[in-house]
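Q: I'd like to ask you about the structure that follows.
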Amino acid sequence: MGGNQSVPKVTPQDRAILDLKLQRDKLRQYQKKIQVILDREHEIAKAHLAAGQKDRAVVALRRRKYQQGLLVKTDGQLENLEQLVSTIEFSLVEVSVLHGLKQGNEVLKEIHKEMNVESVEKLLEETAEARAYQREIDEMLANTLTLDEEEAVQDELKELQALAVVEAKQEADAKLPPVPTEKPAEVADRVPTPELAREEGDRVAVPA
């Protein structure tokens, strides 16, 4: 499994950007080496001065100055490489955007072909004809029916509306829980009322 997975295609532009970035990284590593040399020559010059060897200190400082010149040159080269990489990457983005715009324009052209002026006008004409036909039917029906027939139509409409209200109420009632029909069980231990208490007392009391 996984053998059929598509591998991203590496374009010449990708290789060019990769090569430039590799050169940039090499320059940065070279700059680090130069900085190490600069620090070492500085320490050597200090050591020679402390030992009273002025001539050797001057030679160390000259070597350090030369390395500083190389460091400045590499700074310029590094800046040029970074600008070149940025320019190429931005140009690739522009190409991608232009390609997308081109595809979008082609899609719009196809849509415009399907929605030409003749098709739109024909659709509008058909819609207008359908509306005019519907108006003719409405006018014909309105003019054909008598006053009694029109009143009958209105009465039938009211009946349909009332039936719709009844059906809606029945549907709402059907959703309610059923009303219990069984009587609730009597409470076994009722709270004695004063009258009941007197009656119970009379039955229990013993005559004097």
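No value in this document is a laboratory result; all are computed from the given coordinates. From a predicted model like this one, the values you see are computed outputs, not experimental measurements. Note that we place each Cβ from the backbone using ideal geometry, even for glycine, and neighbour counts take in every protein chain shown.
Q: Taking the alpha-carbon centroid of each part, what is the distance from the range 28-75 to the range 81-119 in angstrom?
A: Taking the Cα centre of the range 81-119 as reference, the centre of the range 28-75 is 55 Å away.
Q: Still on this structure, please answer the following. Using the Karplus equation 6.51 cos²θ - 1.76 cosθ + 1.60 (θ = phi - 60°), what ³J(HN,Hα) coupling, rounded to whole Hz, does each residue of the range 82-94 give in order, writing x for Gly and Pro?
A: Those phi angles translate into 5, 5, 5, 4, 4, 5, 5, 4, 5, 5, 5, 5, 4 Hz.
Q: Please give the net charge around Leu101, taking every other residue with its beta carbon less than 14 angstrom from that of Leu101, where Lys and Arg add +1 and Asp and Glu add -1. Don't skip to the end; give the middle numbers.
A: Details: positive: Lys102, Lys109; negative: Glu94, Glu106.
Value of the local net charge: 0.
Q: With a sphere of radius 13 Å drawn around the Cβ of Glu125, what net charge do the other residues whose Cβ falls strictly inside it have (Lys, Arg +1; Asp, Glu -1)? Write out the running numbers ahead of the final one.
A: Details: positive: Lys122, Arg131; negative: Glu118, Glu121, Glu126, Glu129.
The answer is -2.
Q: Follow-up. Taking 0.36 nm per residue of separation and subtracting the Cα-Cα distance, what length does fully extending Leu49 through Ser86 add? Spell out each step's value before the answer.
A: Working: separation 37, 0.36 × 37 = 13.32 nm, distance 4.68 nm.
Between Leu49 and Ser86, full extension yields an extra 8.6 nm.
Q: Around Leu22, what is the net charge, scoring Lys/Arg as +1 and Asp/Glu as -1 over all other residues with Cβ under 14 Å from its Cβ?
A: Once all neighbours under 14 Å are counted, the net charge is +1.
Q: Ranked from highest to lowest mean number of other Cβ atoms within 10 Å per residue, what is the order of the peptides 52-65, 86-99? Please report the intermediate quantities before stating the final value.
A: Numbers: 52-65: 14.0, 86-99: 11.0.
Answer by packing, highest mean first, reads 52-65, 86-99.
Q: Beyond 27 Å between alpha-carbons counts as too far, so tell me which of Lys9/Lys102; Lys21/Lys46; Lys9/Lys32 fall in that bin.
A: Values: Lys9/Lys102 22 Å; Lys21/Lys46 38 Å; Lys9/Lys32 35 Å.
Beyond 27 Å: Lys21/Lys46; Lys9/Lys32.
Q: I would also like to ask the following. Based on the alpha-carbon gyration tensor of the range 117-175 and its eigenvalue square roots a ≥ b ≥ c, which shape applies: rounded if a/c is under 1.5, prolate if not and a/b is larger than b/c, or oblate? Present the calculation step by step, with values, prior to reporting the outcome.
A: Details: a/c = 9.94, a/b = 1.66, b/c = 6.00.
Oblate.
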